[in-house]
Amino acid sequence: MTDALAELGWQHAYSGKVRELYEHAAHPALMLVIASDRVSAFDHVLEPGIPGKGALLTELSRWWFEQLDVPNHLAAGDDLPEVPTEVADRAMLVRRLDMHPVECVVRGYLSGSGWVEYQATQSVCGIPLPAGLRDGDRLPEPIYTPAWKAPMGEHDENITFERSVELVGAPVAAALRDASLAIFARASSLAASRGVILADTKFEFGTDPATGVLTLADEVLTSDSSRYWDAELYAAGGPDRLASFDKQIVRNWLASNWDRTGTPPTLPPEIVERTAARYRELLARLTA
Ligand SMILES: C[C@H](c1ccccc1)n1cc(-c2ncnc(N)c2C#N)cn1
């Protein structure tokens with residue numbers, strides 16, 4: 001695949017856990033984001049990949065970009081560089097932005113790093129919350145809980161809104177917050193109409209150097225950048241109420257087959273296929 005990319009002038013620029021970023025010398029204002037079939041859990045990239053995951057999450061990002069009435073980084077126009085057919089269904093051709101070093105996290109429910117911080121401080125990112133909340137509880141209203149983008153391989157660090165002002169300046173910090181909360185409201189409402197809870201998500205924004213417009217970047221509202229729960233399971237309140245729509249099968253299998261030391265075991269074919277089916281199901285339910 002990399003030969004086909006190189007033959008078309010694409011040069012590898014950056015590797016994430018599950019995605020790659022490419023540049024093109026003849027098209028400096030464009031970049032290519034390619035999603036792999038790799039899946040990560042417990043901070044490990046697991047083997048084997050999940051067939052179709054990259055394409056399914058790319059399709060979900062594209063669909064959300066269409067649903068959201070905000071400027072986004074998807075490239076359009078005539079003189080676009082060719083993308084190899086081998087990766088086309090899991091690739092996004094995007095405009096190069098001046099990226100802001102803030103992970104714009106919005107939480108409608110208390111979970112993950114928010115739950116950890118809440119237990120210690122009864123707040124998240126400096127936002128005080130009611131006492132007595134449990135892991136997975138719905139918050140009185142969605143909260144904006146930014147994080148500082150840590151270097152590759154390190155955990156992002158939850159920061160206060162005031163710290164984000166120091167990082168990007170007051171006007172951009174306020175615009176990031178307002179845009180993130182507005183998009184989350186729209187997306188969580190649409191997901192709810194499909195019986196899916198959008199518990200939390202992470203947006204990334206940049207400023208378009210050609211126009212100065214704040215622009216939604218990266219992947220958007222995928223199950224890699226968001227927590228999606230099944231609304232019926234959540235309402236039932238059972239042990240699966242916080243089951244990640246796509247990764248719970250993997251997490252449950254690892255919990256019973258790995259002691260969390262060393263590298264995780266290879267996933268058996270049945271777990272791989274059931275997980276692939278869940279990715280397909282999530283896309284089908286959200287985009288129905
Ligand atoms: C974190 C993320 C990433 C993606 C894919 C693989 C590894 C990392 N990333 C996105 C940019 C980026 N830079 C300039 N303009 C853009 N439109 C984008 C985007 N999207 C830089 N890094």
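Values in this text are rule-based calculations from the coordinates and carry no lab data. Keep in mind the model is a prediction, meaning the values are calculated, not measured. Here the Cβ positions follow ideal geometry from the backbone for every residue, glycine too, while neighbour counts run over all protein chains shown.
Quick notes
- Amide N of segment 27-56 lying under 12 Å from the label point, which is placed 7 angstrom from the Cα of Trp63 along Cα→Cβ: 56
- In nm, spacing of pseudo-spin labels at Ser189 and Thr85 (7 Å Cα→C-beta vector): 4.3
- Highest mean first, the peptides 122-130, 47-55, 74-82 sorted by other C-beta atoms within 10 Å per residue fall in the order 47-55, 122-130, 74-82.
- Note on Glu154 and Ala4: their simple-model spin labels are 3.7 nm apart, each label 7 Å out from Cα toward Cβ.
- FRET efficiency for the Ala13 to Val116 pair, using the beta carbon distance and R₀ = 25 Å, is estimated at 0.15.
- Hydrophobic long helices, here whole DSSP H runs in the chain with Kyte-Doolittle means of at least 0.5 and Cα atoms spread over 30 Å or more along the helix axis, are found at 170-192.
- Distant alpha-carbon pairs in the chain (separation over 29 angstrom), percent: 35
- Relative contact order, percent, the chain [alpha-carbon distance under 8 Å, six or more residues apart]: 19
- Length available on full extension from Leu21 to Ala170: 0.36 nm per residue minus the Cα-Cα distance, which gives 50.7 nm.
- With Cα atoms as the point set, the radius of gyration and Dmax of segment 2-95 evaluate to 13.8, 42 Å.
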